[in-house]
Each structure stands twice: as structure tokens, then as C-alpha cells.
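For reference, the structure discussed in these notes is given below.
Values quoted throughout were computed directly from the atomic coordinates according to the rules given, and no laboratory measurement underlies them. Quantities reported herein were computed from a predicted structural model and do not represent experimental measurements. Neighbour counts are summed over all protein chains in view; Cβ atoms, including those assigned to glycine, are modelled from backbone coordinates with ideal geometry.
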Amino acid sequence: YILCYLDTSKGNHKQFCDISNQLKKENINASRVVGVWPELGITIQEDLGDDCLLDIMKPNNKEKIIYKSLDLLAEIQQANISELKKFTYEELLKQQQLFTKSFCDRFLKILCDEQINPLIEETIPHIMESTWMNCHYDYERRNLFLKDDDVYVIDYQDMRVGPIGLDLAGILLDHYYDFNKDQICKYLAYYESIINLNNSKEDIYESFRWCGIQRNMRILGTLSDLY
């Protein structure tokens, strides 16, 4: 088991616990909460082990693990999870603008290329037109674990309703691997075969592509701020 502590003056674990319980009801592989003491800021949850996908994914097992991760993602996206907030246009835009303000201006102290702002302005409308479902918001290998030959998810307290491409970009647009469009399209074709949507493969790829741009620009800005 893992004991999690959060100073009650700074927040609580309620969102994480609520989502955990709803995932459990739908038999979705996630960390199970086994005890909560909100007045102390303490939550005890199941330990999923040490096999984080970032550490264990290798060329010989990558494809199998990616398919398992997409299976789990489809379950999460279609789960009945109540009271999730929906991303707004303004939020997505502000997140992407962290690239210019935090990464380029404050961290690198350089001026952005003049094509960056038009790219940002073009990205968000495409994202808003995408299909929206439950969105983990950080569905990448650091937050996925292999246990008993199955993939489990953690760190979903920030889950929202958002575009399908955000989580697809999180798991498929992996900075530790070269971009291979043919392989990614193969994974997206598999995703399209298991998800209950009316989207074409082209629609899903476009959502993945535009969300990948937004996500990576956001992360560069966010990590710069944290640094």
C-alpha cells in the first residue's frame, strides 16, 4: 500500500478518490483507494508495483504494451464518470501560450518565430471541433504501470472532459521514440476499431495531430515554470 499525504490547507484528495471509486465500479484498471482520512489529509491506496511503462517498455514489447494502453484508454474515455469539468477554449489557448511566455520568453529568453502565434490560433479551433470524451489529461508512460500482464493507470485527479486526441498524443507522441507516422497510424487504426465512434481514421489522426501540438507546447511551458 501507499500512504499519500497532502496538507489540508493546500487541498485534498477528494477528486482522486471520487474518480477512483467510479473507475472501480466499472472494473477499470486503476489504483484502488482503501482508506481515506480527509481531516488528516491522508489517503491510502493500492501499490501497483514498480513496473512503470517508462522503465519497462522496450522495442521487443512496445507494440503489445501500446495496444494494452489503448484498450485501457478506450475504457476510461467511455466510462460513466460524473461531475467532470469540460475544458474551455480559453483554457486550451492559455495552456498553449505557455510555450511563448514561459518557455521562450522567461526560460530561453528568446523571441518566438513569427509563425508560432498563427499556429496557436489555428490549433485551438481544430481541437474544439474534435470528438470530446473523458480525458485523463496526462496519459503517458510515467502514469501507466504493468501489473499481472495488464496495464493500470494512476494520477487521474485532473481528469476532464476533453478532445480524444489529447490522451492519444500522450501515449503515442512519445519523445523517447522517433516519430513514425506509419506506425502511429497503425495504432490509431486499432484504436478506431475498439472505440465506439463514428469518426474516420482521418478524423482521429487530425485530432491526434492538433492535440499533439497543443499538448507539447503546453508541457514545454509548464515544465519551464516548474523549473
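Determine the alpha carbon to alpha carbon distance for each of 86/147; 24/201; 86/181; 58/109; 24/86; 58/94 and list only those over 25 Å. Pairs exceeding 25 Å: 86/147; 24/201; 86/181; 58/109; 58/94.
Using the scaling law 2.2 N^0.38 Å as the reference, what is the normalised Cα Rg of the chain?
Working: Rg = 18.1 Å, N = 227, 2.2 N^0.38 = 17.3 Å.
Cα Rg divided by the expected 2.2 N^0.38 Å: 1.05.
Summing Lys and Arg as +1 and Asp and Glu as -1 over all other residues whose Cβ lies under 12 Å from the Cβ of residue 148 gives a net charge of -1. The loop-placed trypsin sites (Lys or Arg not before Pro) in region 11-77, going by DSSP, that have at most 16 neighbouring Cβ atoms within 10 Å of their Cβ come out as 32. A Förster distance of 25 Å, applied to the separation of the beta-carbon atoms of residue 197 and residue 55, puts the FRET efficiency at 0.20. Loop-resident chymotrypsin sites (Phe, Trp or Tyr not before Pro) (DSSP state other than H, G, I, E or B) in region 3-75 with no more than 15 further Cβ atoms inside 10 Å of their Cβ are absent. Each peptide in 135-145, 81-91, 119-129 gets a packing score, the mean of other Cβ atoms within 10 Å over its residues, and the list from highest to lowest is 135-145, 119-129, 81-91.
Given 4 °C and 1.567 mPa s, compute D for region 1-97 with the Stokes-Einstein relation, Rh being the Kirkwood radius over Cα pairs; round to the nearest whole µm²/s.
Working: Rh = 16.1 Å.
Stokes-Einstein gives a translational diffusion coefficient of 80 µm²/s.
The relative contact order of the chain, computed from alpha carbon pairs under 8 Å that lie at least 6 residues apart in sequence, is 25 percent.
Using the Cβ atoms and a cut-off under 11 Å, what net charge is assigned to the surroundings of residue 88, where Lys and Arg are +1 and Asp and Glu are -1? Charge balance in the 11 Å sphere: +2. When the Cα atoms of region 100-216 are aligned to their principal axes, the ranges along those axes come out at 48, 31, 29 Å in descending order. Computed over region 1-118, relative contact order equals 22 percent, with contacts defined as Cα pairs under 8 Å that lie 6+ residues apart.
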